[in-house]
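*Asks:* Before we start, here is the structure in question, set down as structure tokens.
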Amino acid sequence: MSYYENPDRMDRILAALRKTDWAKLHEPEDFRLDPILAVHDRDYVNFLASCWDEWLASDPEVSSTPEAYAFLPATFALRRNSRPTSSIRGRGGYYIMDLSASIVAGTYQAALTSANIALTAAHSSFHLHHSSFALCRPPGHHAGKDYAAGYCFINNASVAANWLSQKGKTAILDVDYHAGNGTQDIFYERNDVLTVSIHGDPDFEYPHFIGFADETGAGAGLGFHRNFPLPKGADDAVYLAALDEALNTIRNFAPEYLVLSFGADIFDGDPLGTFRVTRNGFREIGARIAGLKLPTAIIMEGGYANEALGDNTITLLENFK
């Protein structure tokens, strides 16, 4: 089975960036754990940090050839009065939502670095009052407060948005093909960060149980979350109509900063999507979002049509240079 979230994705985007005359590349800063723990449960982060070593220690067969294995839960908790257990397999089932969030030796460090890349972009957008791009891998928008899912372990966009929200009013726009369930989970009861997501209808698409149009927030956050689920085969016209409505929602909120969860898997031909958005569609999506004229931290999420990924990403980013 192909694991679509692979290093070749980043290599393609990086190569495309290096061909431009406007991209300036920077190493990420180290923001330590505090901004991550402001968004994620401490016990969950501790699980990510220790999972691999604990699993090796618990299984001699795995520890003899660790490069041949990846950690996955044996069962999944229903989260109905459930609690993490002392066994690493049990905690895996509690803290991991699905089988696309396997853990290997470098997962935790990669997730930390990815979050630091997003924070560096947010820091740049705040201090220089311009837009920035975070080339994050692994992605983050499926990771909730205390769970990993869909290739995601730390919610990069949420960590960045939460940091920016301490500086001024902040909105998140998620344009990945799949609903950003983790981002919704993190901010669902908050009114200081607006979250808006355009995605494949969860009635037929991952993550299946979250991302419906009637989910608009709860408690203090009621009215501060919007989902725009779209049908299979949504083309440029359908997508842009939803985007216009999403942008109006953001304008009404009047944020000072924007975090854009950018997933290129809306592209026609992406192996994990069903939309029919063209490269011209990417150009127009970028132009309309840039039209908000907000300092924008653009956080890389999905996109698995690797041959087209670099060009699609550059096509959107050119609007923010």
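*Asks:* Name the single residue that is surrounded by the most Cβ atoms within 10 Å (Cβ to Cβ) among those in segment 275-301 being in contact (Cβ under 8 Å) with a residue 12 or more places away in the chain and part of a loop (DSSP other than H, G, I, E, B).
*Replies:* Top of the filtered list is Glu301.
*Asks:* Now for a separate question. Going residue by residue through segment 225-240, is there one that turns out to be of a type in the set (Val, Ile, Thr) and touching a Gly at 6+ places or on another chain (Cβ under 8 Å)?
*Replies:* No: zero hits.
*Asks:* While we're on this one: So in segment 52-65, with the set limited to residues that are surrounded by 15 or more Cβ atoms within 10 Å (Cβ to Cβ) and over 18 Å from Asp146 (Cβ atoms), which one is nearest to the chain's Cα centre (by Cα)?
*Replies:* Trp52
*Asks:* Pairs, please: C-beta under 6 Å, at least 6 apart or cross-chain, first residue buried (at least 19 other Cβ atoms within 10 Å of the Cβ) and in segment 302-316, second of a type in the set (Gly, Ala, Ser) and outside any helix (DSSP H, G or I)?
*Replies:* Gly302/Gly263; Gly303/Gly263; Ala305/Gly269; Leu309/Gly303
*Asks:* Kindly check whether there is at least one residue in segment 237-260 that is under 26 Å from Ala15 (Cβ atoms) and touching a residue at least 40 places away in the same chain (Cβ under 8 Å).
*Replies:* yes
*Asks:* Also, I was wondering about something else. Out of Leu78, Leu33, Leu17, Leu48, which single residue is under 21 Å from Cys136 (Cα atoms) and surrounded by fewer than 16 Cβ atoms within 10 Å (Cβ to Cβ)?
*Replies:* Leu33
*Asks:* Oh, and also: Could you list, in sequence order, the residues of segment 207-259 that are out of contact with any strand residue (DSSP E or B) (no Cβ under 8 Å at 6 or more places or on another chain) and either basic (Lys, Arg) or within 23 Å of Ala143 (Cβ to Cβ) (or both)?
*Replies:* His208, Phe209, Ile210, Ala218, Gly219, Ala220, Gly221, Arg251
*Asks:* Considering each of Gly217, Gly233 in turn, give the residue that is among the small types (Gly, Ala, Ser), outside any helix (DSSP H, G or I) and surrounded by 13 or more Cβ atoms within 10 Å (Cβ to Cβ).
*Replies:* Being among the small types (Gly, Ala, Ser), outside any helix (DSSP H, G or I) and surrounded by 13 or more Cβ atoms within 10 Å (Cβ to Cβ) holds for just one of Gly217, Gly233, which is Gly217.
*Asks:* I'd like the full set of residues that are closer than 21 Å to Ala110 by Cβ and either among the acidic types (Asp, Glu) or free of Cβ contacts under 8 Å to residues at least 60 places away in the same chain (or both), limited to segment 151-180.
*Replies:* Cys152, Asp176
*Asks:* Continuing with this model, one more query. Mind listing whichever residues of segment 43-58 are out of contact with any helix residue (DSSP H, G or I) (no Cβ under 8 Å at 6 or more places or on another chain) and either over 15 Å from Ser86 (Cα atoms) or in contact (Cβ under 8 Å) with a residue 24 or more places away in the chain (or both)?
*Replies:* Selection gives Asp43 alone.
*Asks:* How about segment 136-147: which of its residues are surrounded by 20 or more Cβ atoms within 10 Å (Cβ to Cβ) and over 11 Å from the mean Cα position of the chain (by Cα)?
*Replies:* Answer for segment 136-147, where residues must be surrounded by 20 or more Cβ atoms within 10 Å (Cβ to Cβ) and over 11 Å from the mean Cα position of the chain (by Cα): just Tyr147.
Each reported figure results from applying straightforward, stated rules to the coordinates on display, with no laboratory input. Here the structure is a predicted model, which means the values were calculated and not measured. Neighbour counts run over all protein chains shown; Cβ positions are idealised from the backbone, glycine included.
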